[in-house]
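A quick write-up on the structure given underneath.
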Amino acid sequence: MATDAVIARTIVKKGPLCRHMKILIIQTAFIGDVVLATALVEQLHRCLPGVQTDFLVRRGNEGLLAGHPLVSRVLVWEKKQHKYRHLWQLAREIRRTHYDWVINCQRFAASGLLTLFSGAKTSGFDKNPFSRFFTRRVPHRFGTAAQPVHEIERNIALIAHLTDGRFERPRLYPAAADFAQAASLANGQPYVCMAPVSVWFTKQLPVAQWISLIDRQPADHLVFLIGGPGDFDVCGGIAAAARHPRVSNLAGRLSLSASAALMAGARMNYVNDSAPLHFASAMNAPVTAFFCSTLPAFGFTPLSDQSRVVETQHTLSCRPCGLHGKAACPHGHFLCGDMDIEALEIT
(Lines give C-alpha, C1' and ligand atoms only; values in the text may rest on other atoms or scores of the structure.)
Protein backbone atom coordinates (compact mmCIF):
# COMPACT_ATOMS: atom_id res chain seq x y z
CA MET A 1 0.00 0.00 0.00
CA ALA A 2 1.23 3.50 -0.79
CA THR A 3 1.21 4.78 2.79
CA ASP A 4 3.13 1.78 4.09
CA ALA A 5 5.71 2.32 1.36
CA VAL A 6 6.47 5.70 2.91
CA ILE A 7 6.41 4.63 6.54
CA ALA A 8 8.04 1.22 6.24
CA ARG A 9 10.33 1.36 3.26
CA THR A 10 13.44 -0.39 2.07
CA ILE A 11 16.25 2.11 2.36
CA VAL A 12 19.01 -0.38 1.61
CA LYS A 13 18.47 -3.63 -0.27
CA LYS A 14 21.49 -5.90 -0.58
CA GLY A 15 22.23 -8.86 -2.79
CA PRO A 16 21.27 -12.43 -1.92
CA LEU A 17 21.72 -13.31 1.73
CA CYS A 18 21.37 -16.57 3.57
CA ARG A 19 17.72 -16.55 4.64
CA HIS A 20 18.03 -19.08 7.45
CA MET A 21 17.52 -16.28 9.98
CA LYS A 22 15.93 -12.84 9.79
CA ILE A 23 16.29 -10.42 12.68
CA LEU A 24 14.72 -7.00 13.27
CA ILE A 25 16.37 -4.53 15.66
CA ILE A 26 14.07 -1.85 17.09
CA GLN A 27 15.63 1.44 18.20
CA THR A 28 13.33 4.42 17.62
CA ALA A 29 14.92 6.75 20.19
CA PHE A 30 17.46 9.46 19.41
CA ILE A 31 20.32 9.48 16.91
CA GLY A 32 23.00 8.49 19.41
CA ASP A 33 20.94 5.49 20.55
CA VAL A 34 20.75 4.26 16.96
CA VAL A 35 24.51 4.61 16.53
CA LEU A 36 25.17 2.54 19.64
CA ALA A 37 22.70 -0.12 18.50
CA THR A 38 24.79 -0.72 15.36
CA ALA A 39 27.06 -2.78 17.61
CA LEU A 40 24.32 -5.43 17.54
CA VAL A 41 24.48 -5.59 13.75
CA GLU A 42 28.26 -6.02 13.84
CA GLN A 43 28.08 -8.82 16.39
CA LEU A 44 25.22 -10.67 14.72
CA HIS A 45 27.07 -10.76 11.42
CA ARG A 46 30.33 -11.80 13.05
CA CYS A 47 28.65 -14.70 14.84
CA LEU A 48 25.93 -15.57 12.29
CA PRO A 49 27.36 -15.04 8.78
CA GLY A 50 24.58 -14.53 6.26
CA VAL A 51 21.97 -13.44 8.78
CA GLN A 52 19.53 -10.81 7.50
CA THR A 53 19.42 -7.83 9.84
CA ASP A 54 16.76 -5.15 9.43
CA PHE A 55 16.47 -2.00 11.53
CA LEU A 56 13.53 0.10 12.71
CA VAL A 57 14.23 3.79 13.44
CA ARG A 58 12.22 6.97 13.85
CA ARG A 59 11.83 9.37 10.93
CA GLY A 60 14.98 11.49 10.53
CA ASN A 61 17.46 8.83 11.65
CA GLU A 62 17.28 6.58 8.59
CA GLY A 63 20.18 8.39 6.89
CA LEU A 64 22.58 6.89 9.41
CA LEU A 65 22.02 3.43 7.96
CA ALA A 66 21.49 4.24 4.29
CA GLY A 67 24.90 2.89 3.26
CA HIS A 68 25.35 0.25 5.94
CA PRO A 69 26.57 -2.94 4.22
CA LEU A 70 25.18 -5.23 6.94
CA VAL A 71 21.68 -3.77 7.14
CA SER A 72 19.31 -5.20 4.54
CA ARG A 73 16.26 -3.07 5.22
CA VAL A 74 15.47 0.06 7.20
CA LEU A 75 11.93 0.58 8.45
CA VAL A 76 10.91 4.11 9.37
CA TRP A 77 8.36 5.12 12.00
CA GLU A 78 6.81 8.57 11.63
CA LYS A 79 6.37 9.52 15.29
CA LYS A 80 5.47 13.19 14.90
CA GLN A 81 2.33 12.91 12.78
CA HIS A 82 -0.36 10.23 13.02
CA LYS A 83 1.94 8.34 15.35
CA TYR A 84 -0.37 5.45 16.23
CA ARG A 85 -1.81 5.00 12.75
CA HIS A 86 1.72 4.60 11.47
CA LEU A 87 2.51 2.28 14.36
CA TRP A 88 -0.31 -0.03 13.27
CA GLN A 89 0.90 0.04 9.66
CA LEU A 90 4.40 -0.85 10.79
CA ALA A 91 3.08 -3.68 12.96
CA ARG A 92 1.39 -5.27 9.96
CA GLU A 93 4.51 -4.81 7.81
CA ILE A 94 6.69 -6.44 10.46
CA ARG A 95 4.31 -9.36 10.93
CA ARG A 96 4.20 -10.00 7.16
CA THR A 97 8.00 -10.26 7.06
CA HIS A 98 8.06 -13.31 9.37
CA TYR A 99 11.14 -12.45 11.37
CA ASP A 100 12.79 -15.17 13.42
CA TRP A 101 13.72 -12.71 16.19
CA VAL A 102 12.74 -9.16 17.04
CA ILE A 103 15.27 -7.44 19.30
CA ASN A 104 13.78 -4.47 21.14
CA CYS A 105 16.37 -2.02 22.51
CA GLN A 106 13.74 0.24 24.08
CA ARG A 107 11.78 0.27 27.31
CA PHE A 108 8.59 1.95 26.13
CA ALA A 109 5.11 0.58 25.52
CA ALA A 110 4.79 1.37 21.80
CA SER A 111 7.91 -0.58 20.88
CA GLY A 112 6.72 -3.37 23.17
CA LEU A 113 3.47 -3.63 21.22
CA LEU A 114 5.37 -3.82 17.92
CA THR A 115 7.54 -6.54 19.38
CA LEU A 116 4.61 -8.62 20.61
CA PHE A 117 2.61 -8.27 17.40
CA SER A 118 5.56 -9.37 15.24
CA GLY A 119 4.82 -13.07 15.57
CA ALA A 120 8.55 -13.65 16.07
CA LYS A 121 10.57 -14.77 19.04
CA THR A 122 11.34 -11.66 21.06
CA SER A 123 14.06 -10.24 23.27
CA GLY A 124 13.76 -7.03 25.26
CA PHE A 125 14.44 -5.29 28.55
CA ASP A 126 12.50 -6.11 31.69
CA LYS A 127 11.54 -2.43 32.10
CA ASN A 128 9.35 -2.55 29.01
CA PRO A 129 5.69 -2.67 30.14
CA PHE A 130 5.08 -5.71 27.91
CA SER A 131 8.27 -7.56 28.75
CA ARG A 132 6.46 -10.35 30.65
CA PHE A 133 5.28 -11.57 27.26
CA PHE A 134 8.72 -11.53 25.57
CA THR A 135 10.54 -14.76 24.78
CA ARG A 136 13.62 -13.39 26.54
CA ARG A 137 13.37 -10.78 29.31
CA VAL A 138 16.74 -9.14 29.95
CA PRO A 139 17.52 -7.04 33.05
CA HIS A 140 18.16 -3.37 32.27
CA ARG A 141 20.83 -2.21 34.67
CA PHE A 142 22.95 0.86 35.26
CA GLY A 143 26.47 0.66 36.58
CA THR A 144 28.41 2.75 39.07
CA ALA A 145 31.58 4.79 38.82
CA ALA A 146 33.48 1.81 40.22
CA GLN A 147 31.73 -0.76 38.03
CA PRO A 148 30.41 0.97 34.89
CA VAL A 149 28.03 -0.74 32.47
CA HIS A 150 28.12 0.70 28.97
CA GLU A 151 24.94 1.02 26.90
CA ILE A 152 26.48 -1.40 24.41
CA GLU A 153 26.86 -4.02 27.13
CA ARG A 154 23.17 -3.60 27.95
CA ASN A 155 22.23 -3.98 24.30
CA ILE A 156 24.54 -6.92 23.64
CA ALA A 157 22.80 -8.81 26.45
CA LEU A 158 19.68 -8.79 24.26
CA ILE A 159 21.38 -11.03 21.68
CA ALA A 160 23.70 -13.04 23.95
CA HIS A 161 21.62 -16.16 23.25
CA LEU A 162 22.49 -15.84 19.54
CA THR A 163 26.12 -14.72 19.77
CA ASP A 164 29.20 -14.99 21.96
CA GLY A 165 28.15 -11.88 23.94
CA ARG A 166 31.52 -10.21 23.43
CA PHE A 167 31.75 -6.43 23.64
CA GLU A 168 31.47 -4.90 20.18
CA ARG A 169 32.04 -1.37 19.00
CA PRO A 170 29.38 0.46 17.01
CA ARG A 171 30.25 1.31 13.43
CA LEU A 172 29.00 3.68 10.76
CA TYR A 173 29.73 3.44 7.04
CA PRO A 174 29.71 6.88 5.38
CA ALA A 175 29.68 6.79 1.58
CA ALA A 176 32.63 7.77 -0.58
CA ALA A 177 30.79 11.02 -1.37
CA ASP A 178 30.66 11.84 2.36
CA PHE A 179 34.43 11.43 2.72
CA ALA A 180 34.94 13.47 -0.44
CA GLN A 181 32.84 16.28 1.02
CA ALA A 182 34.86 16.17 4.23
CA ALA A 183 38.13 16.29 2.27
CA SER A 184 36.87 19.26 0.25
CA LEU A 185 36.01 21.19 3.41
CA ALA A 186 39.39 20.49 5.00
CA ASN A 187 41.33 21.12 1.78
CA GLY A 188 44.38 19.36 3.21
CA GLN A 189 44.51 21.47 6.37
CA PRO A 190 44.41 20.24 9.98
CA TYR A 191 41.08 20.76 11.70
CA VAL A 192 39.00 20.09 14.79
CA CYS A 193 35.26 19.56 15.05
CA MET A 194 33.05 20.88 17.83
CA ALA A 195 29.42 19.96 18.49
CA PRO A 196 28.26 22.58 21.03
CA VAL A 197 24.52 21.84 21.16
CA SER A 198 22.47 19.10 22.80
CA VAL A 199 18.74 18.39 22.88
CA TRP A 200 18.91 19.01 26.65
CA PHE A 201 20.38 22.30 27.86
CA THR A 202 22.03 20.89 30.99
CA LYS A 203 23.94 18.38 28.86
CA GLN A 204 25.75 21.06 26.90
CA LEU A 205 28.86 22.92 27.92
CA PRO A 206 28.01 26.64 28.33
CA VAL A 207 28.54 28.88 25.31
CA ALA A 208 31.32 30.87 27.00
CA GLN A 209 33.26 27.64 27.51
CA TRP A 210 32.97 26.75 23.83
CA ILE A 211 34.20 30.18 22.81
CA SER A 212 37.19 29.83 25.13
CA LEU A 213 37.92 26.38 23.73
CA ILE A 214 37.81 27.65 20.14
CA ASP A 215 40.19 30.49 20.92
CA ARG A 216 42.71 28.05 22.39
CA GLN A 217 42.98 26.03 19.17
CA PRO A 218 46.15 26.40 17.08
CA ALA A 219 45.88 29.27 14.61
CA ASP A 220 46.66 27.00 11.66
CA HIS A 221 43.75 24.65 12.47
CA LEU A 222 40.31 24.97 10.97
CA VAL A 223 37.47 24.80 13.47
CA PHE A 224 34.23 23.25 12.23
CA LEU A 225 31.07 23.66 14.30
CA ILE A 226 28.70 20.80 13.51
CA GLY A 227 25.11 19.95 14.41
CA GLY A 228 21.60 19.81 13.01
CA PRO A 229 19.62 22.59 11.32
CA GLY A 230 18.18 23.65 14.68
CA ASP A 231 21.69 24.25 16.02
CA PHE A 232 22.63 26.79 13.35
CA ASP A 233 21.84 29.94 15.34
CA VAL A 234 23.65 28.83 18.49
CA CYS A 235 26.70 27.76 16.49
CA GLY A 236 26.58 31.00 14.53
CA GLY A 237 26.62 33.03 17.73
CA ILE A 238 29.59 31.05 19.04
CA ALA A 239 31.49 31.49 15.77
CA ALA A 240 30.82 35.24 15.75
CA ALA A 241 32.03 35.68 19.33
CA ALA A 242 35.23 33.65 18.91
CA ARG A 243 38.50 35.39 18.07
CA HIS A 244 39.93 32.40 16.23
CA PRO A 245 40.23 33.39 12.54
CA ARG A 246 39.21 30.07 10.96
CA VAL A 247 35.83 29.04 12.38
CA SER A 248 33.10 27.67 10.10
CA ASN A 249 29.49 27.06 11.10
CA LEU A 250 28.45 23.81 9.38
CA ALA A 251 25.37 23.13 11.53
CA GLY A 252 22.58 21.93 9.26
CA ARG A 253 24.83 21.84 6.19
CA LEU A 254 26.00 18.24 6.46
CA SER A 255 24.10 14.98 6.44
CA LEU A 256 24.51 12.66 9.41
CA SER A 257 26.89 10.43 7.48
CA ALA A 258 28.90 13.38 6.15
CA SER A 259 29.27 14.66 9.72
CA ALA A 260 30.62 11.26 10.75
CA ALA A 261 33.08 11.31 7.84
CA LEU A 262 34.26 14.79 8.80
CA MET A 263 34.77 13.75 12.42
CA ALA A 264 36.83 10.75 11.31
CA GLY A 265 39.55 13.02 9.91
CA ALA A 266 39.66 15.58 12.75
CA ARG A 267 42.67 16.07 14.99
CA MET A 268 40.15 16.21 17.84
CA ASN A 269 36.37 16.21 18.22
CA TYR A 270 34.91 18.15 21.16
CA VAL A 271 31.42 17.02 22.09
CA ASN A 272 28.80 16.96 24.82
CA ASP A 273 27.27 13.78 26.20
CA SER A 274 25.17 13.59 23.05
CA ALA A 275 24.94 11.97 19.61
CA PRO A 276 28.23 13.32 18.16
CA LEU A 277 30.06 11.52 20.98
CA HIS A 278 28.74 8.23 19.59
CA PHE A 279 29.56 9.25 16.02
CA ALA A 280 33.17 9.54 17.18
CA SER A 281 33.01 6.10 18.79
CA ALA A 282 31.55 4.56 15.62
CA MET A 283 34.33 6.11 13.49
CA ASN A 284 37.06 5.50 16.11
CA ALA A 285 37.77 9.22 15.90
CA PRO A 286 39.65 11.14 18.63
CA VAL A 287 37.18 12.71 21.04
CA THR A 288 36.95 14.86 24.15
CA ALA A 289 33.55 14.47 25.81
CA PHE A 290 32.10 16.95 28.32
CA PHE A 291 29.71 15.53 30.91
CA CYS A 292 27.74 18.25 32.65
CA SER A 293 24.52 17.19 34.38
CA THR A 294 24.85 13.52 33.40
CA LEU A 295 27.39 10.98 34.61
CA PRO A 296 29.78 8.68 32.74
CA ALA A 297 28.44 5.88 34.97
CA PHE A 298 25.18 6.01 33.00
CA GLY A 299 27.03 4.09 30.29
CA PHE A 300 27.45 6.50 27.38
CA THR A 301 31.18 7.15 27.53
CA PRO A 302 33.33 7.36 24.37
CA LEU A 303 34.87 4.19 22.94
CA SER A 304 37.51 5.63 20.60
CA ASP A 305 41.12 4.59 21.05
CA GLN A 306 41.94 8.25 21.71
CA SER A 307 39.31 9.59 24.07
CA ARG A 308 38.92 11.51 27.29
CA VAL A 309 36.07 12.54 29.55
CA VAL A 310 35.96 15.98 31.20
CA GLU A 311 33.73 16.75 34.19
CA THR A 312 33.30 19.59 36.67
CA GLN A 313 35.54 19.63 39.72
CA HIS A 314 32.68 20.87 41.91
CA THR A 315 31.19 18.37 44.36
CA LEU A 316 27.47 18.67 43.72
CA SER A 317 24.73 16.84 45.58
CA CYS A 318 22.33 17.72 42.75
CA ARG A 319 24.37 15.93 40.06
CA PRO A 320 22.99 14.08 38.21
CA CYS A 321 19.66 15.86 37.99
CA GLY A 322 18.26 13.17 35.69
CA LEU A 323 19.12 10.52 33.16
CA HIS A 324 18.79 12.80 30.13
CA GLY A 325 19.43 16.26 31.52
CA LYS A 326 16.91 19.10 31.69
CA ALA A 327 15.84 22.21 29.79
CA ALA A 328 17.35 24.38 32.55
CA CYS A 329 19.31 23.92 35.76
CA PRO A 330 16.73 23.20 38.50
CA HIS A 331 18.82 25.22 41.00
CA GLY A 332 19.75 28.05 38.65
CA HIS A 333 23.54 27.83 39.12
CA PHE A 334 24.49 25.20 36.48
CA LEU A 335 27.77 24.50 38.28
CA CYS A 336 28.01 21.10 36.61
CA GLY A 337 28.81 23.03 33.41
CA ASP A 338 31.67 24.91 35.08
CA MET A 339 34.85 23.24 33.83
CA ASP A 340 38.44 24.44 33.70
CA ILE A 341 38.76 24.71 29.92
CA GLU A 342 41.98 26.70 30.27
CA ALA A 343 43.66 23.68 31.85
CA LEU A 344 42.52 21.31 29.08
CA GLU A 345 45.42 20.03 27.00
CA ILE A 346 44.94 20.94 23.36
CA THR A 347 45.83 18.11 20.97
- Can you tell me the FRET efficiency between Glu342 and Arg166 if r is taken as the Cβ-Cβ distance and R0 is 51 Å, rounded to the nearest 0.05? 0.80
- Item | the chain: antiparallel DSSP beta bridges as a percent of all, rounded to 5 | 0 percent
- Message: At q = 0.14, 0.15 Å⁻¹, what log₁₀ I(q)/I(0) does segment 271-347 have when each alpha carbon counts as one equal point scatterer in the Debye sum?
- Response: -0.46, -0.53
- Query: Relative to a virtual label point 7 Å from the Cα of Lys326 in the Cα→beta-carbon direction, which members of segment 282-298 show backbone nitrogen distances below 14 Å?
  - Reply: 293-294
- Task: Quick one: accessible surface of Glu153, probe radius 1.4 Å, all protein chains present, in square angstrom to the nearest 10.
- Result: 80 Å²
- Could you sort out which of Lys83/Lys203; Lys80/Lys121; Lys80/Lys326 sit more than 24 Å apart by Cα distance in this structure? Lys83/Lys203; Lys80/Lys121
- Task: Run the accessible area of the chain with a 1.4 Å probe and give the carbon-and-sulfur part as a rounded percent.
- Result: 54 percent
- Message: I'd like to check one number: the per residue accessible area of segment 133-261, probe 1.4 Å, reported in Å² as a whole number.
- Response: 46 Å²
- Item | At R0 = 22 Å, FRET efficiency that the Cβ-Cβ distance of Ala66 and Arg46 yields, to 0.05 | 0.50
- Message: Where in the chain is the longest stretch that carries no trypsin sites (Lys or Arg not before Pro) classed as loop by DSSP and with at most 10 other Cβ atoms within 10 Å?
- Response: 244-347
- Note on the structure: Excluding residues fewer than 8 positions from Lys22 in its own chain, the aspartates and glutamates with Cα under 13 Å of it are Asp54, Asp100
- Quick calc: nm separation of the 7 Å Cα→Cβ label points for Asp100 and His20 -> 0.7 nm
- Item | Pair Phe30, Leu316: separation of 7 Å Cα→Cβ label points (nm) | 1.6 nm
- Message: Using the alpha carbons of the chain, what is the convex hull volume per residue in cubic angstrom, as a whole number?
- Response: 144 Å³
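The values are calculated or read from the model by the stated rules, or taken from the named source; none is laboratory data. All of these numbers come straight from a predicted model, not from anything done at the bench. When we count neighbours, we look across all protein chains shown, and the Cβ atoms used for this are built from the backbone with ideal geometry, even at glycine. Ligands, DNA and RNA are stripped out before the accessible areas are found, and what is left, the full protein with its side chains, is counted by its heavy atoms. Shrake-Rupley method; radii C 1.70, N 1.55, O 1.52, S 1.80 Å.
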